[in-house]
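Notes to accompany the following structure.
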Amino acid sequence: MLSERRAAGKDFSELVASYGLRLHAAAGDDHHVVSPLGAWLLLALCAPLTSGGDRKELERVLGCDAETARRGADELLANPHPALGLAFAAWYRGDLGAGIDAWCRTLPSCATTGPMPTPAAANSWASEHTRGLVESMPVAIADDSRLLLATAVATEVQWTEAFQLVPAAELGGAWATRVNRAMRRHHRHGDVVAHTKVAGPVGVSIEHGQGGLDVISVIAAPDVEPSRVLAAAYGIAGDYGQGPANRFISAFDLPRAGHAWSVREQVLKNFVGPKRMAFSEVTMPAWIAETLLEGLISTPGTGFAEIVSAYFDQLPPDPRGDRGDAMQVARATFDTNGFSAAALTVAHFVGATMPPPPRRTIARTVEVRFDRPFAVVAVTNTNWFRRAGRELWRGLPAFAAWVTEPMEPSEPNEKEWQGAERP
């Protein structure tokens, strides 16, 4: 059951997070990145066109009724978050039929609509709205293209402070032999280990991007399934986006050693201050990921089979027959100075039939090392957001990744430190 707040259309973070797990299931356990927001938006915009069993299934996938989803999508597009580029396009060729024609007229004014573009024009739109990270459409536009729907989501944020670089040996684990250096961050708090129901205790790193995007990395014990680690990451990201979370375990309640952390303790003599202090240190690799999810209409539980069916119910039949497909291409980079990511989610309908688819103070420092596969969720916050739609963007997961491939980090960009003290 939807909570009263979610049913009112004012908090979609849990709905998009739940949908994100469906995309990760489609991507599998290999290194990948997806955009839950981009796919969910496309489905939500199309949801009112569905009916009968298709609508019932799509509403189950979206997590709310079709009209609520559509209102939320309209509001998100009309009031984009300052850290995200967000766009939607609906292009067509020939007779759409009265139903789709009427639907096009209800799209938000910020949407791009019109006749089917040339491949070059469509690629230009894709590059512009993904800030050059995705240079072309993942589908071929040809004379038989009848309808093309696309959402674009993009971000490029600098960390409020760049990471410090350390020898990869200090990361440890198997990844220490695959790169020369890793990245390190020191915090004046001990909140880097959290309790979760789905994955047990996990190591957590929260990086703050300028403009209101937090990137949350979560590592669980080696025997925890990736799907459970991802679910834990979405849960922590959602809690964090809504405000202070109570999941974190005090440095003074942690065992001295865990599956991804160790605790060192020292006694500060003649120290004027509190009796106990907590610090933390996070060491992790840089990473880059690129993922193409094809054939989404034949992937159960993603919702794309239902919207393709709805469109073919509305489109006048093509004498050559009709077929459709849906896919998402996403790219992301997590590095010394910041985070960048972009995704295109596309539904393409062509005419040509496809199956449906001074005292003693004890100071503890918790050290967490992301030295094996871990989950990442990039979630919006509203600290920099002061206009209409603010509540809707609190804690919304824009991108998420399962990281199994570390990469060599870049050099710190001193210009971006803005006078901050080097960690």
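The values are calculated or read from the model by the stated rules, or taken from the named source; none is laboratory data. Everything numeric in this text was worked out from a predicted model, so none of it was measured. With ideal geometry, Cβ positions are generated from the backbone for all residues, glycine too; neighbour counts draw on all protein chains shown. Surface accessibility is based on the protein's heavy atoms, side chains included, excluding ligands, DNA and RNA. Shrake-Rupley method; radii C 1.70, N 1.55, O 1.52, S 1.80 Å.
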Q) Using a 1.4 Å probe, what is the accessible area per residue for the chain, in Å²? A) 41 Å²
(Q) If you wrap a convex hull around the alpha carbons of the stretch 91-144, what volume per residue comes out, as a whole number of Å³? (A) 86 Å³
Q.
Spelling out what I want: for every residue of the stretch 329-342, take phi, set θ = phi - 60°, compute 6.51 cos²θ - 1.76 cosθ + 1.60 (Karplus), and round to whole Hz; glycine and proline get x.
A. 10, 9, 9, 8, 9, 10, 9, 3, 9, x, 9, 9, 7, 7
Q) Ignoring ligands, DNA and RNA, what percent of the accessible area of the chain is carbon or sulfur (1.4 Å)? A) 50 percent
**Q.** Amide hydrogen neighbours beyond the local backbone of M137, cut-off 5 Å, H modeled
**A.** N123
Q. Net charge near V403, counting Lys/Arg +1 and Asp/Glu -1 over other residues with Cβ under 11 Å of its Cβ?
A. -1
Q: As a check on your grasp of the helix formula, calculate [θ] at 222 nm for the chain: sum -39500 (n - 2.57) over DSSP H runs of n ≥ 4, divide by the residue count, round to the nearest 500.
A: -7500 deg cm²/dmol
**Q.** Largest to smallest principal axis extent of the C-alpha atoms in the stretch 263-307, angstrom
**A.** 68, 23, 15
Q) In terms of modelled amide H atoms, which long-range or inter-chain residues lie less than 5 Å from the amide H of L213? A) N381
Q.
What does the charge count around A47 come to, taking other residues whose C-beta lies under 15 Å from its C-beta (Lys +1, Arg +1, Asp -1, Glu -1)?
A. -4
(Q) Just to be sure I understand: of the beta bridges DSSP finds with both ends in the chain, what percent are antiparallel, rounded to 5? (A) 90 percent
